[in-house]
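The values are calculated or read from the model by the stated rules, or taken from the named source; none is laboratory data. Values in this document were obtained by computation on a predicted structure and should not be read as measured data. FYI the Cβ positions are ideal-geometry reconstructions off the backbone, even for glycines, and counts take in every protein chain you see. Accessible surface is based on the protein model in full, side chains and every heavy atom, while ligands, DNA and RNA are left aside. Shrake-Rupley method; radii C 1.70, N 1.55, O 1.52, S 1.80 Å.
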Amino acid sequence: MQGYQSPQFNLTPKDMEPVFTPDEIKMIYKEGFNPSLFLDIASKYHIGVAAYEKLNESMENFNDMGIMQALDNITAICYVIQILKENNLKFNPKKTIIYGHSHGAYLGYLCNAFAPNLFHLLIDNSSWLFPAYLNNERCLRHKVGNMLLDVTFKYTASTIDYDSEVLYLPTLYKKFHNFCEIQSFHGTNH
């Protein structure tokens, strides 16, 4: 979630005329718009460019921002525990730690709530209380050479109904008895 894969641009040659030379525009559009060549040329200019990420999500396959991700993590941990047991490998099931940063820390809290006897320490590095991208688009700013590239992400999960009570940690954590020690680390600025 920290970067972009294939930014898409809504630019016409006319949009580029104030900054790019006619030869640069011609090269960029030689065989249809070439996004990598555009980024390469645009990076030498002190400009800001908006883009959006094509996520290739569908209703059958998307990042749900919570419950399914947490259940996938719990399932994976249970499989690892089973493999350890089947192979007679020693491990201490009373020292299971879950760690995450940002959305990963949020998922750690969900995992702990959905399997309250599985984890013994949760290390939270800057979790949020609710998946912010269910309410708003996400925008990442990247410096590419001299250019600032603002890439917007719109997740499919934000377009479907969800139970905000289950996803909002302060409400969720009032509904079960927490046995896990929680160490939380949060900064005051970005």
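With 32 Å as the limit, write out which pairs from Lys54/Lys85; Lys90/Lys175; Lys14/Lys54; Lys90/Lys174; Lys14/Lys143 have Cα-Cα distances beyond it, or answer none.
Beyond 32 Å: Lys54/Lys85; Lys90/Lys175; Lys90/Lys174.
Excluding the sites themselves, what is the longest stretch of the chain that contains no GluC sites (Glu not before Pro) in a DSSP loop with at most 12 other C-beta atoms within 10 Å?
My reading of the result: 61-136 is the longest stretch.
Explain nothing, just the number: relative contact order of the chain, from Cα pairs under 8 Å at least 6 residues apart, as a whole percent.
26 percent
Given a 1.4 Å probe, how much area per residue of the chain is accessible, in Å²?
On a per-residue basis, the chain sits at 64 Å².
Just to be sure I understand: with springs between alpha-carbon atoms less than 10 Å apart, which residue in Ala76, Ala51, Ala105 has the highest mean-square fluctuation in the Gaussian network model of the chain?
Ala76
Can you give me the pair-distance distribution of the chain, C-alpha pairs, 5 Å bins, whole percents?
Per 5 Å bin, starting at zero, the Cα-Cα P(r) for the chain comes out as 1, 7, 12, 15, 13, 11, 10, 9, 7, 6, 4, 3, 1, 0 percent.
What is the distance, in nm, between label points placed 7 Å from the Cα along the Cα-to-Cβ direction at Leu121 and at Lys143?
In this crude spin-label approximation the distance works out to 3.6 nm.
With the full set of protein chains in place, find how many percent of the accessible area of the chain is carbon and sulfur; take the probe as 1.4 Å.
53 percent
Return the calculated 222 nm mean residue ellipticity for the chain, to the nearest 500 deg cm²/dmol, obtained by summing -39500 (n - 2.57) across DSSP H runs with n ≥ 4 and dividing by the residue count.
Calculated mean residue ellipticity at 222 nm is -8500 deg cm²/dmol.
Let me know the whole percent of all Cα-Cα pairs from the stretch 32-145 that are separated by more than 19 Å.
Everything past 19 Å amounts to 63 percent.
Students sometimes get this wrong: rank Leu167, Leu140 by accessible area, probe 1.4 Å, all chains present, largest first.
Leu140, Leu167
Could you tell me which of Ser127, Pro35, Leu84 has its Cα farthest along the dipole of the chain towards the positive end, charges placed at Cβ (Lys, Arg +1; Asp, Glu -1), taken about the Cα centre?
Result: Leu84.
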